[in-house]
1. Can you tell which of 93, 16, 83 lies farthest toward the positive end of the dipole of the stretch 1-102, using +1 and -1 charges on the Cβ of basic and acidic side chains (Lys, Arg; Asp, Glu)?
2. Would you please name the chymotrypsin sites (Phe, Trp or Tyr not before Pro) within the stretch 140-204 that are DSSP coil residues with at most 16 other C-beta atoms within 10 Å of their C-beta?
3. Going by C-beta contacts inside 10 Å, put 214, 179 in order with the fewest on the left.
4. As an exercise, take the mean of 1/r over every pair of distinct alpha carbons in the stretch 47-170, invert it, and state the Kirkwood radius in angstroms.
5. Only loop residues by DSSP count here, and only those with at most 11 other Cβ atoms within 10 Å; note down the chymotrypsin sites (Phe, Trp or Tyr not before Pro) in the stretch 32-91 that meet that.
6. Hey, how many Å between the Cα centroid of the stretch 1-56 and the Cα centroid of the stretch 154-228?
7. Mind listing P(r) for the chain? All alpha-carbon pairs, 10 Å bins, whole percents.
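What follows is calculated from the coordinates using simple rules that are stated; it is not laboratory data. Only a predicted model underlies this, so the values are computations on that prediction, with no experimental measurement involved. Note that we place each Cβ from the backbone using ideal geometry, even for glycine, and neighbour counts take in every protein chain shown.
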Amino acid sequence: MKCLITGASSGIGRDMARIFSNMGYQVIMVSSNKERLEKASKDICNSRIFVADLSNQNDTDMLCDFILKEKPNVVVNNAGFGAFGFYDEIDVSLEMDMINVNVTSVHKITRTCLEYMEGVRDAYILNVASSAGFMPGGPMLSTYYATKSFVRSYTLGIYKELRKRNKSINISVLCPGPVNTNFNNVAGGSFSVKGLSSEFVSKYAIKKLFKKKVVIVPGFTMRLGLFFSRFVSIRFLLDIVFSIQHKKR
Ligand SMILES: NC(=O)c1ccc[n+]([C@@H]2O[C@H](COP(=O)([O-])OP(=O)(O)OC[C@H]3O[C@@H](n4cnc5c(N)ncnc54)[C@H](OP(=O)(O)O)[C@@H]3O)[C@@H](O)[C@H]2O)c1
């Protein structure tokens, strides 16, 4: 059994790599930084690394070719990052990189998996979105929220198409709330609410993935919050998101 995880040099991706390795999987760990990947993979048995900067289309295409050759039966599209701030405070090229990593690479890698996974035993794709993907918008993290809405929506659409055509490929979307990882350091903020541990989120996600749960939301409080968010107005939700995100600065 073989598993490939993007964004495996840190946080959720690294913890998932450890769990899959403990389950007996060969693990391929992907990120843009060779040094960080080598460090992260050191204590993970049966692991290999693949360096690809997913903000770069050529690297993403190279990774897709590699995936077609390796044919892992589990692929986790986890690499991603955000950037806090008002829209005119964030560098446009950084936002384009974010869209390439969080959206374009997820789309391309998912399409690649759908191409070869038919007929592969126990084939699973796990796309990592966020609870942000349920919100109508994400003031102070607008581009990030929009990318995660894409991941959630795209994954659910593909899920339905696969079921309607009786395909054996499983696809799920992970939508965590705040998780204690390197995310905030990269995004330039800090959580105003307590985050879950990355180990808990990774373990929970893998358990639910194998139970074929399509939308995976770790943590009871977050599930409750998302349930009640259905009953409030868009304006009110945007106010809440703004006040939460603004406090992170
Ligand atoms: N932490 C949270 O609160 C939270 C909540 C909801 C969803 N998420 C999502 O969870 C996923 C994992 O994030 P995390 O919280 O574990 O943060 P993290 O510790 O910062 O890990 C992010 C991973 O993405 C990789 N990455 C970033 N840019 C990349 C690029 N250009 N090419 C390839 N890999 C790249 C990083 O590797 P390199 O820097 O080494 O390339 C790193 O391994 C992300 O998609 C994030 O949006 C996080």
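1. 16
2. Details: sites: 144, 145, 150, 154, 159, 183, 191, 200, 204; in loops: 191.
Here the sparse-neighbourhood loop sites are 191.
3. Working: 214 15, 179 22.
So the ranking, lowest neighbour count to highest, is 214, 179.
4. Details: mean 1/r = 0.0652 Å⁻¹.
When all Cα pairs of the stretch 47-170 are included, the Kirkwood radius is 15.3 Å.
5. 86
6. Taking the Cα centre of the stretch 154-228 as reference, the centre of the stretch 1-56 is 19 Å away.
7. Answer for the chain: a P(r) of 7, 33, 38, 18, 3 percent.
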